[in-house]
Amino acid sequence: MKVLTVNCTNKTVVYFNSVFNLPSVIDIKGKKVAIFISKKVNEDVLHTLISSLEDGGANVFSYRTGDGEIIKTIEKVSLFSSFLSINGFNRDDIIVNIGGGTVCDSGAFAASIYMRGITYVNVPTTLLCAADACLGGKTAIDVGGVKNLWGTFWQPSAVIIDCNLIDKSENTFNNGISEIVKYGVIDKNFGEKLKAIASIDQIKSNLEQVIYDCLKIKGELVEIDEFDRAQRRFLNLGHTVAHAIESASGYQTGHAQAVAIGIYAESLISLKAGLLCESKYSEIISMLNLFIKDYAKIPNLLPLISYMKGDKKNLSGKIAFSLPCNDGVNVVYFTQKQLEDLFK
Ligand code: GLY
């Protein structure tokens with residue numbers, strides 16, 4: 001069994017293991033466990049998990065949640081908190097989030113504010129969540145139509161990567177590929193590995209290792225910059241453009257498609273700004289070509305600047321980008337005027 005330890009607040013241990021082995025990796029004896037689980041996860045999985053947790057000595061409660069951005073609201077978090085409170089949960093008890101990024105984001109947010117913080121475990125069921133969002137403790141809900149406006153840093157005590165639970169249907173699986181390519185751009189060695197893997201089918205065949213590699217890269221950045229003030233921002237590569245595309249489309253363009261376009265657009269921006277040479281730019285394009293369709297459908301970027309101006313990582317009125325550069329990823333700030341010139 002692969003294990004990855006991330007030395008951040010709480011210390012997160014990532015276990016590559018069956019979710020049904022949870023009692024052997026987390027101390028649950030005599031505790032209450034709330035399973036916050038996506039409606040998309042099979043009923044049999046829930047039943048078997050409940051039995052295994054009860055056999056391990058836990059008092060188990062389950063809460064079926066919807067899925068998608070609609071569950072990342074204060075109302076849903078409030079309902080879930082009431083569920084915990086009615087069932088007498090206290091700070092020694094545990095939440096287990098099972099689902100994709102939206103379930104883990106909102107379940108983790110609830111965990112971070114309930115009684116000022118309760119232990120939680122993430123069990124991702126989508127590739128997008130498994131390769132990125134499940135680790136690092138960024139919790140979030142959407143407020144006033146703004147994605148991830150409210151959030152906290154609250155680290156999971158454990159993450160369980162159970163590849164049997166990961167949704168392999170084409171759309172959902174392919175949604176995770178842009179984040180994996182992002183890691184290939186951030187980390188040269190992983191980029192070489194990805195080029196050798198060369199197809200989505202081969203990612204499926206090497207799934208555990210690919211997820212391990214992505215989480216290892218992320219874990220190292222979280223260890224050195226848990227609160228996202230410096231190196232962790234490299235993980236936002238492609239995301240300034242992506243978030244603007246998602247917002248401008250009223251979230252009709254999905255995150256994965258937006259990140260794919262974002263990686264391409266931000267590589268072009270870096271090339272145009274003289275921060276990325278032709279050969280390194282071509283390497284990124286060949287990686288995109290291997291795994292992603294439609295990454296080149298860049299909309300007109302000029303009207304997107306107004307959305308970029310709302311990004312939480314901007315500084316002194318300048319817009320922040322995590323750009324692929326000749327010496328690796330760098331956080332670069334542009335004025336509106338500089339961006340207008342680059343986007344022409
Ligand atoms: N998904 C980027 C981060 O966790 O920092």
* Asked: What list of ³J(HN,Hα) values in whole Hz, one per residue of region 19-33 in order, does the Karplus curve 6.51 cos²θ - 1.76 cosθ + 1.60 (θ = phi - 60°) give from phi, with Gly and Pro shown as x?
  -> 4, 6, 8, 3, x, 7, 10, 10, 7, 10, 4, x, 9, 8, 10
* Rounded to the nearest 10 degrees, what's the angle between the helix 239-248 long axis and the longest principal axis of the chain, both from Cα atoms, 0 to 90? => 80
* **Set of aspartates and glutamates near Lys313 by C-alpha distance (under 12 Å), chain-local residues within fewer than 8 positions excluded** => Asp228
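Determine the gain in length on full extension of the stretch Asn326-His47; use 0.36 nm per residue of separation and subtract their C-alpha separation, reporting nm with one decimal. Intermediate values should be presented prior to the final figure.
Numbers: separation 279, 0.36 × 279 = 100.44 nm, distance 5.10 nm.
95.3 nm is the gain from fully extending Asn326 to His47.
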* To do: Measure off 7 Å from each Cα along the Cα-to-Cβ vector at Lys204 and Arg64, then give the distance between these two points in nanometres to one decimal.
  => 2.8
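Hey, what number do you get for the chain at 222 nm if only DSSP H runs of n ≥ 4 count, each worth -39500 (n - 2.57), divided across all residues, to the nearest 500? Intermediate values should be presented prior to the final figure.
Working: 14 runs with 147 residues, N = 344.
Computed ellipticity for the chain at 222 nm equals -12500 deg cm²/dmol.
Please label the shape of region 254-338 as rounded, prolate or oblate, based on the square roots a ≥ b ≥ c of the eigenvalues of the alpha-carbon gyration tensor (a/c under 1.5 means rounded; beyond that, a/b larger than b/c means prolate, else oblate).
Numbers: a/c = 2.03, a/b = 1.30, b/c = 1.56.
Oblate, since a/c reaches 1.5 and b/c is not below a/b.
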* Report, in cubic angstrom per residue, the convex hull volume of the C-alpha atoms of the chain. => 123
* Asked: When the Cα centres of region 299-344 and region 24-96 are compared, how far apart do they sit, in Å?
  -> 40
* Structure fact -> Ranked from fewest to most other Cβ atoms within 10 Å of their own Cβ, Arg232, Arg116, Arg91 fall in the order Arg116, Arg91, Arg232
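Just check region 1-49 against the gyration tensor rule for me: Cα atoms, a ≥ b ≥ c as the square roots of the eigenvalues, rounded for a/c under 1.5, and otherwise prolate or oblate depending on whether a/b exceeds b/c. Don't skip to the answer; put the middle values down first.
Values: a/c = 1.85, a/b = 1.56, b/c = 1.19.
Prolate, because a/c is 1.5 or more and a/b exceeds b/c.
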* **Other-chain or far-sequence residues with amide H under 5 Å of Cys325's (modelled H)** => Asn330
* **Nearest-ten-degree value, helix 188-197 long axis tilted from longest Cα axis of the chain** => 80
* Structure fact -> Length-normalised contact order of the chain, Cα under 8 Å, at least 6 apart, in percent, tallies to 14
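Give me Asp44, Asp225 sorted ascending by neighbouring Cβ count inside 10 Å, so fewest comes first. Walk me through the numbers before you get to the answer.
Values: Asp44 8, Asp225 16.
Exposure proxy ranking, most exposed first: Asp44, Asp225.
Exposure proxy check: Met287, Met115 ranked by fewest other beta carbons within 10 Å? Mind dumping the intermediate values first?
Numbers: Met287 20, Met115 14.
By the 10 Å Cβ count, ascending: Met115, Met287.
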* Mind checking the full-extension length gain between Lys195 and Leu149? Use 0.36 nm per residue of separation minus the Cα-Cα distance, one decimal, nm. => 13.0 nm
* When we measure straight from the Cα of Lys188, which lysines land under 24 angstrom away, once same-chain ones fewer than 8 places off are left out? -> Lys2, Lys204, Lys216, Lys218, Lys272, Lys280, Lys293
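The numbers here are math on the coordinates, done by the rules we state, and not lab data. Quick caveat: nothing in here was measured; it's all calculated off a predicted structure. With ideal geometry, Cβ positions are generated from the backbone for all residues, glycine too; neighbour counts draw on all protein chains shown.
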